[in-house]
Amino acid sequence: MIIGIDLGTTNSAAAIWRDGQSVLVPNALGDLLTPSAVSIADDGSVLVGMAARERQSTHPRDTVTAFKRYIGTQQTVKLGKRSFDAEDLSALVLRSLKADVEAFTGEAVTGAVITVPAYFNDRQRKATRRAGEMAGLDVRRLVNEPTAAALAYGIQSREQEPFLVFDLGGGTFDVSIVEVFDGIVEVRASSGDNRLGGEDFNERMVELARRTLDPAGKLAKADPVALGELLRAAAERARRALTDADSTEFSLVWNGEVFATPVTADAFEEAAQPLLQRLRDPVLRSLRDSDIRVDALSEIVLVGGSTRMPVVRRAMTRMFGRFPNTSVHPDHAVALGAAVQAGLLARDSALDEVRLTDVCPFTLGIEHAEADGRGGYRTGLFSPIIDRNTPIPTSRSKVYSTIADNQREIRFGIYQGESREVAGNVRLGELRVQVPLKPAGQVSAECRFTYDSSGLLEVDISVPSANITRNLVIMDETDTLTEAQIAERRAALAALKVHPREESENVAVLARAQRCYENFLGVQREQVSHWITLFEQVLERQDPRAIKEARDQLVLSLDSLEGERFL
């Protein structure tokens, strides 16, 4: 049996495809949602789910939540006498869900479809897959969360016009634009922010309440870890209360004393404005990439528990000029869609006419060098090969040439991301190819990227003139810095002299240009890259008048490019 699993930041759920429909599986408590929480009990045993979450305020040093945000990193947490990383903790939750399904169905689980945020990078996806394997699951496929929600909604509605899935969960935000026609559920574009979710709104609530919560300063001596969990829990309660009320009380008890302060929906909305603004860019990006206008969208489908917040729903109504569709259960849609995908993999006859097409969520490319206009080359730049939101599976190639006489090898650093400079992207691996000694530009190599629906990237390099071929299937790499290395780099940056590049106006326009580079594709992306190169060349001259003229011109160019604004 293949099951579908929504591995969430706040809650997780499992579902199965049975009798022509998705069915959510209750856990041992009879609940359809299992908190993504792990705790170590006093006797050393591991608690998962609600039992763990209930200990969060009382045993903050033995309990952990929201660890999904750190999957794919080296960050660890110590519970009891043992340290866990996010993969370990995720595996414990997945193992619990697997046991629930087997108890509910009486059948052995042979495979699983696990959902991930659309904006998870390669490392995070592979870490999720490893967590599933550690839980004893054969992970058959990873599916983007908004794609899974769209699959559940699309199967029910048979909607013909494109619709947008707006998925704001506890720790991540995703958006996808989807079309359904003739049984085909086609994802046109996906975008998101995997550091934005309900937990961030909780933090804003805490900041708002602390202004008046403790005027006498009594909480200053409190254990910061324990107090932090109490504040977070109080914020969650207050945030949920504001779903149905215009005001509520933010309260907690410390050392037998009640600390309370009123909070209003209007004050919370004002405090949350920076987060609400961050919801805009992924929406804009997905619309641009799909080449679909706002008025062509048939529905705005809200998914994820955090979309229950009135501040979010009001923001969405203002953003799109219409009320969003709330017919899909925000906490269940992703798991239900994962079960549909499980049914597809199991070749269930009820899904014979249903097909799913997805997209590559990140741009994939290599590191390359560009002429700097002074007879040399600037290295460390990103050359896209597969643009984000390209339908998958796909295979794309580009040709590169040597840049130095008698160059012995061409090095292909492989990256994933949207930054113009590879330092801002995720490094996936490297291929080195020995080439014949010839004058610069006379040796060319074709670099082909092949990306499939399971998220596997294969890289092929060929040098036709020398009959050379190389192949690499991307594997995991880790690149972490020790505290000493971080301190050394921080000191080195602090010792640098101030250059015109660091002047605020120049920083601002360069940051905007970098954002535009990330937001656009193809010819427009190449144009922005050219503008950035020209402006950086002027900065190097350190002529204030020339810099101002170049900056003004760059602003005009970016204004003409960004054009339509609907938010």
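The values are calculated or read from the model by the stated rules, or taken from the named source; none is laboratory data. Keep in mind that this is a model prediction, so the values were computed, not measured. Note that we place each Cβ from the backbone using ideal geometry, even for glycine, and neighbour counts take in every protein chain shown.
Exactly one of (1) among the hydrophobic types (A, V, I, L, M, F, W, C); (2) buried (at least 24 other Cβ atoms within 10 Å of the Cβ); (3) modelled with pLDDT of 90 or more; (4) within 29 Å of THR450 (Cβ to Cβ) is unmet by ALA335. Its number?
(4)
State which residue is nearest to GLU562 (Cα to Cα) when the search covers only the stretch 511-527 and only residues that are in contact with a helix residue (DSSP H, G or I) (Cβ under 7 Å, 6 or more places away or on another chain) and free of Cβ contacts under 8 Å to residues at least 60 places away in the same chain.
CYS516
Every residue in the stretch 417-435 that is under 18 Å from the mean Cα position of the chain (by Cα) and part of a loop (DSSP other than H, G, I, E, B), please.
Correct list: GLY417, GLU418, SER419, ASN425.
Which condition from (1) surrounded by fewer than 17 Cβ atoms within 10 Å (Cβ to Cβ); (2) farther than 23 Å from ARG140 by Cβ; (3) without any contact (Cβ under 8 Å) to a residue 24 or more places away in the chain is the one that ARG61 breaks?
(3)
Yes or no, residue by residue, for (1) in contact with a Cys (Cβ under 6 Å, 6 or more places away or on another chain); (2) among the aromatic types (Phe, Trp, Tyr); (3) surrounded by 14 or more Cβ atoms within 10 Å (Cβ to Cβ); (4) closer than 30 Å to ARG525 by Cα:
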residue: ASN325; (1), (2), (3), (4): no, no, yes, no
residue: ALA342; (1), (2), (3), (4): no, no, yes, no
residue: PRO361; (1), (2), (3), (4): no, no, yes, yes
residue: GLY375; (1), (2), (3), (4): no, no, no, yes
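In the stretch 418-442, what count of residues is obtained for those that are in contact with a Leu (Cβ under 9 Å, 6 or more places away or on another chain) and not acidic (Asp, Glu)?
Step one: of the stretch 418-442, the residues in contact with a Leu (Cβ under 9 Å, 6 or more places away or on another chain) are 420-422, 428-431.
Next, only the ones that are not acidic (Asp, Glu) stay: 420, 422, 428-429, 431.
Number of matching residues: 5.
I'm told ASP244 meets every condition in (1) charged (D, E, K, R); (2) within 20 Å of ARG308 (Cβ to Cβ); (3) touching a residue at least 60 places away in the same chain (Cβ under 8 Å) except one. Can you identify the failing condition by its number?
With respect to (1) charged (D, E, K, R); (2) within 20 Å of ARG308 (Cβ to Cβ); (3) touching a residue at least 60 places away in the same chain (Cβ under 8 Å), ASP244 is out only on (3).
Quick one: ALA369 ticks every box in (1) at pLDDT 90 or above; (2) aliphatic (A, V, I, L, M); (3) in contact with a helix residue (DSSP H, G or I) (Cβ under 9 Å, 6 or more places away or on another chain) except a single one, so which number is it?
(3)
Specify which of the listed residues (ALA238, ALA220) is modelled with pLDDT of 90 or more and out of contact with any Gly (no Cβ under 9 Å at 6 or more places or on another chain).
When all the criteria are applied, what remains is ALA238.
For the stretch 352-373, check the following and say yes or no: at least one residue is assigned by TED's automatic domain parsing to the domain that holds PRO464, free of Cβ contacts under 8 Å to residues at least 24 places away in the same chain and either more than 30 Å from GLU269 (Cβ to Cβ) or part of a helix (DSSP H, G or I) (or both).
yes
Would you check if there is a residue in the stretch 30-53 being in contact with a strand residue (DSSP E or B) (Cβ under 6 Å, 6 or more places away or on another chain), assigned to a helix (DSSP H, G or I), assigned by TED's automatic domain parsing to the domain that holds GLY192 and surrounded by 19 or more Cβ atoms within 10 Å (Cβ to Cβ)?
yes
Could you pull out the residue among THR307, THR326, THR357 that is modelled with pLDDT of 90 or more and of a type in the set (Ser, Thr, Tyr)?
Selected residue: THR307, the only one of THR307, THR326, THR357 that is modelled with pLDDT of 90 or more and of a type in the set (Ser, Thr, Tyr).
Do you know which residues across the stretch 374-416 are within 17 Å of ALA445 (Cβ to Cβ), among the basic types (Lys, Arg) and part of a strand (DSSP E or B)?
ARG396, LYS398, ARG411
It is to be established whether one or more residues within the stretch 53-61 are at pLDDT below 90, under 12 Å from ASP88 (Cα atoms) and not aromatic (Phe, Trp, Tyr).
Scanning the stretch 53-61 turns up no residue that is at pLDDT below 90, under 12 Å from ASP88 (Cα atoms) and not aromatic (Phe, Trp, Tyr).
Could you grab me the full set of residues in the stretch 241-279 that are of a type in the set (D, E, K, R) and exposed (fewer than 15 other Cβ atoms within 10 Å of the Cβ)?
ASP244, ASP246, GLU249, GLU257, ASP266, GLU270, ARG278
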